Amino acid sequence: MLLCVNVSNSKITLGVYDGEELILKTSVSAVVGKTTTEYAVLFKSVFDLHKFDTQKISGVIIACVVPALTAAVRDALSFIYKGKIYVVGPKLKNGLKIKSENPSQIGASLICQSVALNEKYPMPCLLISMSTALSMFVLDKNGTFIGGAILPGIKMSAKALSEHTAQLPQIDLTLKPGSVIGNNTVQNVQSGLIIGTACTIDGMIERFKAEMGEDLTCVATGDISNVVLSFCNSKIIYDENLVLDGLRKIYYKNAK
């Protein structure tokens, strides 16, 4: 079984594949400063909680967008798995064609998502990744990564509102606003963040299509994508496991 690990700015997602089937998916908070031992104990506890026998793991691959966490997470996983641990980067084959001024600046998770898109969806394709940032990137008709746009994500915007204003509260972003016209402060913020993000995505999709001069397969991923997508007018496919699926593909391109 293959363990795929996605380290983002806010959490570490652990996915176990049995062949092509994702049989276990769980996550823990990503905290810079935790020691290797602390992460090793945490990972072992999570697998024990799910009653998963880590002796069944036959391979491990990591995608990390937080350089300060790469070594700690990799070394922690070495307590669970004694074989070679792959880390997505320039030294690993990924099969992705890239047309960019500086390919080395493309994040590991974005590489994984693009690899998965190439395998799963018709090209040209627009990736909409909703995480700490809202990332929108295009792959052309040949599956070549050509670029895109990065905006503040909905969680980042919500945090900024609550921390830098005196009276605006933190809100639950998993709840759908009932109307664009909220009649209390919480509803006002929900409308602005969730429906406002949906409008931004719709508008950006039209700009991408116009610049590309063709229709695009639009695929979204991220924890709260479903809530936002329910307010989008564009046709958008939701795929929650793009990074993990891409990690699996990259592993088998490199493992002997």
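The values are calculated or read from the model by the stated rules, or taken from the named source; none is laboratory data. Predicted model, so just to flag it, every value in this text is computed and none were measured. Because the Cβ atoms are built from the backbone with ideal geometry, glycine has one as well, and the counts that use them run over all protein chains shown. SASA here: full protein model, heavy atoms, side chains in, ligands and nucleic acids out. Shrake-Rupley method; radii C 1.70, N 1.55, O 1.52, S 1.80 Å.
For the stretch 140-165, name all the residues that are within 21 Å of residue 206 (Cα to Cα), of a type outside the set (Gly, Ala, Ser) and touching a Ser or Thr at 6+ places or on another chain (Cβ under 6 Å).
Those that are within 21 Å of residue 206 (Cα to Cα), of a type outside the set (Gly, Ala, Ser) and touching a Ser or Thr at 6+ places or on another chain (Cβ under 6 Å): 145, 150, 154.
Yes or no, residue by residue, for (1) in a loop (DSSP other than H, G, I, E, B); (2) under 17 Å from the mean Cα position of the chain (by Cα); (3) touching a residue at least 40 places away in the same chain (Cβ under 8 Å); (4) more than 22 Å from residue 2 (Cα to Cα):
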{"site": "81", "(1), (2), (3), (4)": "yes, no, yes, no"}
{"site": "93", "(1), (2), (3), (4)": "yes, no, yes, no"}
{"site": "104", "(1), (2), (3), (4)": "no, no, no, yes"}
{"site": "112", "(1), (2), (3), (4)": "no, yes, yes, no"}
{"site": "115", "(1), (2), (3), (4)": "no, yes, yes, no"}
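How about the stretch 3-29: which of its residues are surrounded by fewer than 20 Cβ atoms within 10 Å (Cβ to Cβ), in contact (Cβ under 8 Å) with a residue 60 or more places away in the chain and more than 28 Å from residue 154 (Cβ to Cβ)?
20 - this is the single residue of the stretch 3-29 that is surrounded by fewer than 20 Cβ atoms within 10 Å (Cβ to Cβ), in contact (Cβ under 8 Å) with a residue 60 or more places away in the chain and more than 28 Å from residue 154 (Cβ to Cβ).
Quickly run through the stretch 30-65 and pick out the residues that are surrounded by fewer than 16 Cβ atoms within 10 Å (Cβ to Cβ), touching a residue at least 40 places away in the same chain (Cβ under 8 Å) and within 21 Å of the chain's Cα centre (by Cα).
Answer for the stretch 30-65, where residues must be surrounded by fewer than 16 Cβ atoms within 10 Å (Cβ to Cβ), touching a residue at least 40 places away in the same chain (Cβ under 8 Å) and within 21 Å of the chain's Cα centre (by Cα): there is none.
Which ones in the stretch 197-234 are over 14 Å from the mean Cα position of the chain (by Cα), assigned to a loop (DSSP other than H, G, I, E, B) and within 18 Å of residue 137 (Cβ to Cβ)? Let's see the steps before the verdict.
Filtering the stretch 197-234 down to residues over 14 Å from the mean Cα position of the chain (by Cα) leaves 197-218, 227-234.
Those left that are additionally assigned to a loop (DSSP other than H, G, I, E, B): 213-216, 230-234.
Correct list: 213, 214, 215, 216, 232, 234.
Can you pull out the residues in the stretch 159-194 that are open to solvent by less than 30 Å² (accessible area, probe 1.4 Å), modelled with pLDDT of 75 or more and either more than 25 Å from residue 125 (Cβ to Cβ) or in contact with a strand residue (DSSP E or B) (Cβ under 6 Å, 6 or more places away or on another chain) (or both)?
Within the stretch 159-194, 177, 182, 189, 190, 191, 193 meet the criteria.
Per-residue answers, yes or no, for (1) among the hydrophobic types (A, V, I, L, M, F, W, C); (2) open to solvent by 10 Å² or more (accessible area, probe 1.4 Å); (3) on the phi > 0 side of the Ramachandran plot:
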{"residue": "124", "(1), (2), (3)": "no, yes, no"}
{"residue": "143", "(1), (2), (3)": "no, no, yes"}
{"residue": "146", "(1), (2), (3)": "yes, yes, no"}
{"residue": "152", "(1), (2), (3)": "no, yes, no"}
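Would you mention how many residues in the stretch 235-256 are of a type in the set (Lys, Arg) and part of a helix (DSSP H, G or I)?
3
For the stretch 44-66, enumerate the residues that are in a loop (DSSP other than H, G, I, E, B) and either closer than 17 Å to residue 79 by Cβ or not charged (D, E, K, R) (or both). If you could, list the steps in order and put the result at the bottom.
Keep residues of the stretch 44-66 that are in a loop (DSSP other than H, G, I, E, B), which gives 50-53, 57-58, 65-66.
Across the stretch 44-66, the qualifying residues are 50, 52, 53, 57, 58, 65, 66.
Please list, ordered by first then second residue, the pairs with beta carbon atoms under 8 Å, 6 or more apart or interchain, first in the stretch 147-168 and of a type in the set (S, T, N, Q), second at pLDDT 75 or above.
Going by the 8 Å Cβ cut-off, the qualifying pairs are 157/193; 157/197; 162/170; 167/185.
Quick one: count up the residues across the stretch 66-96 that are exposed (fewer than 15 other Cβ atoms within 10 Å of the Cβ) and either under 23 Å from residue 144 (Cα atoms) or touching a Phe, Trp or Tyr at 6+ places or on another chain (Cβ under 8 Å) (or both).
5
Within the stretch 194-208, count every residue that is acidic (Asp, Glu) and over 21 Å from residue 176 (Cβ atoms). Please lay out each step first, then the result.
Step one: list which residues in the stretch 194-208 are acidic (Asp, Glu), which gives 202, 206.
From what is left, the residues that are over 21 Å from residue 176 (Cβ atoms) are 206.
Going through the stretch 194-208 one residue at a time, the tally reaches 1.
Within the set of pairs 6+ apart or on separate chains, which have a first residue in the stretch 226-255 that is closer than 18 Å to residue 110 by Cα and in contact (Cβ under 8 Å) with a residue 24 or more places away in the chain, a second that is assigned to a helix (DSSP H, G or I) and of a type in the set (Gly, Ala, Ser), and C-beta atoms under 6 Å apart?
242/116; 243/109; 245/116; 246/116
Filter the stretch 199-228 down to the residues that are surrounded by 20 or more Cβ atoms within 10 Å (Cβ to Cβ), small (Gly, Ala, Ser) and at pLDDT 95 or above and list them by number.
The answer is 220, and nothing else.
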